[in-house]
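Notes for the one structure printed next.
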Amino acid sequence: MTEPLGELGRFAEPSLFILASLGEGPKHGYAIMTDVEAISGQRMGPGTLYAALARLERRGLIEALEPEDRRRPYRLTGLGATTLRSQLQSLSEFAQTGLRRLEGADR
Amino acid sequence: MKALLRLYPPAWRARYGLEFEDLIAERPPTARDVLDILVSAIDARIAPQVGAEPSIRQAHRSDRLAGAAAISGGLMWFGAFVLGAVTQPGNGPGLLGLLALGLMLVSLPGRYLRPHSHAVALGFGAVLVSMVVIQQELLPWGPTLLVPVVIVLGAIGPGALFLAATRARFSTRNRWRLLLLTVPWPVIIGAAAGSGLLPEAVASPLLIIGLLPLGLAWIVTGVRLTTGAIVHTVVTSGGAS
């Protein structure tokens, strides 16, 4: 069962970015932040990053690994991977529908 | 930047503090980041994600509401006396003071009030009606109500503060200190004024000054209710993982 990210309110989008970033493997906070900026083109504040991380961790979508010095890497859980896949598929279907409609309107 | 981190609840700091500090050290925050941190710290206090089970969070939230009521009541208490002294010298706190008392009552633990809710409602209702009668001079015999009202408030006031302090998890010693620092002054000044030892021109401002510690005590209790609840959450949940 996948948890909808919509219930996270204003943290839904940052949470999706974080899940997508962790999709390629474990990362710590700073690496997530820079990666999210690279893939989304949006700057993510440190407060927002940790507010979203706390929510994702609480819902079992990510888990913390053993700390490396003061840094603690995070990785997707099984539920997190399923949720990410489901969210991306929905977005993909939405994007394809929108594009098809645009193409139809252009003709 | 450590000051910014202190804005977060203790449980949050215990869980994320070190790595958050590391992140801040790695990329010094811009003004926009500082704002982001401020907003997120408030969010972490309003909707804690660390260390609290849902049922405990519910109690936590009600304590914070009670704390906010106590702080508002205490501030309004100040406002009532200061405004009353400026606008209507000699007329006391007026309706704003009544509202302050009402807000303070919200801070009381429900488990003490619930079994006696009718008696409490009746007692405070009678006091409120009497004070409106006195304030608005609705009845010619209104001023004679002043004595029983003062007696009832004098008996209930310290008890209410003691109960709120209990809810705020003050130690027994500190609860008594709170009472001793706030309650005797209006009584001593009132007695001195009543016996004619103090001229009225001196007694009225002194009485106002003597009543202000009570407002301060409610503010302190409100702050403690808010922060004490967070400590309780951490302890109850065995600390953040």
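The values are calculated or read from the model by the stated rules, or taken from the named source; none is laboratory data. The shown structure was predicted, so the numbers you read here are calculated from the model rather than taken from an experiment. Note: ideal-geometry Cβ built from the backbone for every residue, glycine included; neighbour counts use all protein chains shown. Protein only, heavy atoms only, side chains kept; ligands, DNA and RNA dropped before computing areas. Shrake-Rupley method; radii C 1.70, N 1.55, O 1.52, S 1.80 Å.
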Only one of A:R101, A:R58 that is more than 12 Å from every other protein chain (Cβ to nearest Cβ) and surrounded by fewer than 17 Cβ atoms within 10 Å (Cβ to Cβ): A:R101
Sole residue being more than 25 Å from B:P28 (Cα to Cα) and not in a helix (DSSP H, G or I), chosen from A:E103, A:E93, A:E63: A:E63
For A:G25: the one exception among (1) in contact with an Asp or Glu (Cβ under 7 Å, 6 or more places away or on another chain); (2) part of a loop (DSSP other than H, G, I, E, B); (3) touching a residue at least 40 places away in the same chain (Cβ under 8 Å): (1)
First in segment B:17-28 and facing another protein chain (nearest Cβ under 7 Å), second anywhere and not in a loop (DSSP other than H, G, I, E, B), Cβ under 6 Å, 6 or more apart: B:E19/A:G29; B:E19/A:R71; B:F20/A:Y50; B:D22/A:R71; B:L23/A:G29; B:L23/A:Y30; B:L23/A:P46; B:E26/A:Y30
Residue match in segment A:73-81 (condition: farther than 29 Å from B:V34 by Cα, open to solvent by 40 Å² or more (accessible area, probe 1.4 Å), more than 14 Å from chain B (Cβ to nearest Cβ) and not hydroxyl-bearing (S, T, Y)): yes
